[in-house]
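**Student:** This is the structure, below, for whatever I ask next.
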2 protein chains.
Amino acid sequence: MELSTIEIEKAATILKLLGDKTRLTMVKMLDTNDYCVCEFVEIFKVSQPAISQHVRKLKDAGLVCETRRGQWIIYSLNKENEVLPLVASLIDHLQNQDFKLQELEKQGLRISCK
Amino acid sequence: MELSTIEIEKAATILKLLGDKTRLTMVKMLDTNDYCVCEFVEIFKVSQPAISQHVRKLKDAGLVCETRRGQWIIYSLNKENEVLPLVASLIDHLQNQDFKLQELEKQGLRISCK
DNA sequence: TCAATATATAACTATTCACTTATATAATAA
DNA sequence: TTATTATATAAGTGAATAGTTATATATTGA
């Protein structure tokens with residue numbers, strides 16, 4: 001089976017984007033669950049605009065999709081993305097981040113968006 | 001078989017490092033051949049200090065090794081690196097860069113270091 | 001020993017980046 | 001309609017980054 005390869009330049013752009021702890025964690029988390037901005041704000045302990053700016057970059061690169069649900073905007077991994085194979089194999093090497101969702105639930109902050 | 005996973009923070013550091021077109025190309029090229037600084041200078045059309053600074057960063061991260069051979073310092077991929085599995089699977093997704101070596105040879109600049 | 005070549009380091013600069021606060025937009029609920 | 005909540009955008013700031021030129025260090029060969 002042939003592996004479809006990616007241009008160096010495009011790959012470098014993706015890696016730069018994911019070479020940030022916050023965004024990389026977001027993508028790892030989005031691999032198993034969807035999240036809204038306010039949940040990320042709780043998880044990452046930074047300002048809401050900072051989170052908005054991070055997800056914007058992920059969206060601009062086509063890595064995530066957004067869906068409005070009432071006043072919340074839910075972000076999910078974009079499974080259609082051309083570079084998904086690269087991103088997926090990368091994510092596989094990362095330590096599981098489920099504990100972040102568990103913390104969120106323990107604080108009763110997960111349900112706020114459902 | 002279990003895949004050994006990497007801390008998010010460590011992975012983000014590696015991805016930031018490889019989120020640069022020049023360094024990413026270097027690593028892809030080093031996957032199949034060794035190179036010295038002067039060859040990289042020819043290939044990337046930037047100053048010699050710029051190349052030295054790039055390989056220094058790769059070396060500091062443990063991704064490459066250096067071996068002095070006369071007046072040349074040969075760089076190679078460090079196969080002992082803890083994050084090699086991540087880097088290797090990443091490299092697999094990149095377009096082949098052999099044409100750069102071929103150009104170098106066509107210009108008669110490859111042998112200068114042998 | 002001395003000139004030439006290869007590489008590294010220092011110092012500087014312009015640009016990018018991640019964050020902040022302030023404010024705008026949008027949806028919900030009283 | 002109006003207050004509240006969620007999100008986005010604008011503007012500003014300090015730190016990091018990739019490049020440059022100048023210079024130092026190290027090896028080779030005459």
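The values are calculated or read from the model by the stated rules, or taken from the named source; none is laboratory data. Worth saying up front: this structure is predicted, and the values here are computed from it rather than measured. Every residue, glycine among them, receives a Cβ derived from its backbone with ideal geometry; neighbour counts consider all protein chains shown. Remember, those area values only see protein heavy atoms, side chains included, never the ligands or the DNA or RNA. Shrake-Rupley method; radii C 1.70, N 1.55, O 1.52, S 1.80 Å.
**Student:** Per residue, how much accessible area does the protein assembly as shown show when a 1.4 Å probe rolls over the protein heavy atoms, in square angstrom?
**Tutor:** Numbers: 12280 Å² over 228 residues.
Heavy-atom SASA per residue in the protein assembly as shown reads 54 Å².
**Student:** Compute the helix-to-body angle for A:21-30: its Cα long axis versus the longest principal axis of chain A, expressed 0 to 90° and rounded to tens.
**Tutor:** 80
**Student:** Mind checking A:83-93 for the average number of partner chain beta-carbons within 10 Å of each residue's beta-carbon?
**Tutor:** Partner Cβ neighbours, averaged per residue: 4.
**Student:** Would you mind listing the distances between the B:Thr5 label point and the same position in each other copy? Use 7 Å along Cα-to-C-beta, nm, one decimal, shortest first.
**Tutor:** 3.1
**Student:** Next question, about the same structure. Based on Cβ point charges of +1 for Lys and Arg and -1 for Asp and Glu, what charge dipole magnitude is obtained for chain B about its Cα centre, in debye rounded to the nearest 20?
**Tutor:** Once rounded to the nearest 20, the dipole reads 480 debye.
**Student:** Let me ask something else about it. Which percent of the accessible heavy-atom area of chain A goes to carbon and sulfur, probe 1.4 angstrom? Write down the numbers at each step before the final one.
**Tutor:** Numbers: 2970 of 6130 Å².
Whole-percent figure for carbon plus sulfur exposure: 48.
**Student:** Would you calculate, for the protein assembly as shown, the mean residue ellipticity at 222 nm contributed by helices, counting each DSSP H stretch of 4 or more residues as -39,500 (n - 2.57) and dividing by all residues, to the nearest 500? Show your work: numbers first, answer last.
**Tutor:** On the way: 12 runs with 118 residues, N = 228.
Computed ellipticity for the protein assembly as shown at 222 nm equals -15000 deg cm²/dmol.
**Student:** Would you calculate the separation in nanometres between label points at B:Cys38 and B:Ser89, each defined as 7 Å from the Cα along the Cα-to-beta-carbon direction?
**Tutor:** For B:Cys38 paired with B:Ser89, the spin-label model returns 4.0 nm.
**Student:** While we're looking at this one, here's another question. Per residue of A:94-100, how many C-beta atoms from partner chains lie within 10 Å of its own C-beta, taken as a mean?
**Tutor:** Details: counts 8, 8, 2, 1, 0, 0, 0.
Other-chain Cβ atoms within 10 Å of each residue's Cβ, averaged: 3.
**Student:** Just to be sure I understand: if you take the accessible area of chain B alone plus chain A alone and subtract the pair, with a 1.4 Å probe, what total do you get in Å², rounded to 100?
**Tutor:** Approximately 2400 Å² gets buried when B meets A.
**Student:** Enter the angle in degrees (range 0 to 90, nearest 10) between the Cα long axis of helix A:8-18 and the first principal axis of the Cα atoms of chain A, meaning the one along which they spread out most.
**Tutor:** 20
**Student:** Now for a different question. For the stretch B:1-57, what mean projected area does the convex hull of the alpha carbons give, in nm²?
**Tutor:** Numbers: hull surface 20.0 nm².
About 5.0 nm², averaged over all directions.
**Student:** Bins of 10 Å, beginning at zero and ending with the bin holding the largest distance: percent of Cα pairs per bin for the protein assembly as shown, please.
**Tutor:** 7, 30, 30, 19, 10, 4, 1
**Student:** Summing Lys, Arg as +1 and Asp, Glu as -1, what charge do residues with Cβ under 12 Å from the Cβ of A:Phe44 carry, A:Phe44 excluded?
**Tutor:** Within the 12 Å Cβ shell, the charges total 0.
**Student:** Ordered by residue, what ³J(HN,Hα) values in Hz, to whole numbers, does the stretch B:55-71 give under the Karplus form 6.51 cos²θ - 1.76 cosθ + 1.60, where θ = phi - 60° and Gly and Pro are x?
**Tutor:** Residue by residue, the stretch B:55-71 yields 5, 4, 5, 5, 5, 4, 7, x, 7, 10, 10, 10, 9, 7, 10, x, 8 Hz.
**Student:** Once you have the Kirkwood Rh of the stretch B:23-113 from its Cα pairs, apply Stokes-Einstein at 37 °C and 0.692 mPa s and quote D in µm²/s.
**Tutor:** Approximately 244 µm²/s, per Stokes-Einstein.
**Student:** Give the nm distances, rounded to one decimal, from B:Glu105 to the matching residue in every other copy, measuring between label points 7 Å along Cα toward the beta carbon; shortest first.
**Tutor:** So the distances to the same position in the other copies read 5.7 nm.
**Student:** Where nothing but the Cβ of Lys and Arg (+1) and of Asp and Glu (-1) is charged, how large is the charge dipole of the protein assembly as shown around its Cα centre, in debye to the nearest 20?
**Tutor:** Charge dipole, the protein assembly as shown, about its Cα centre: 680 debye, nearest 20.
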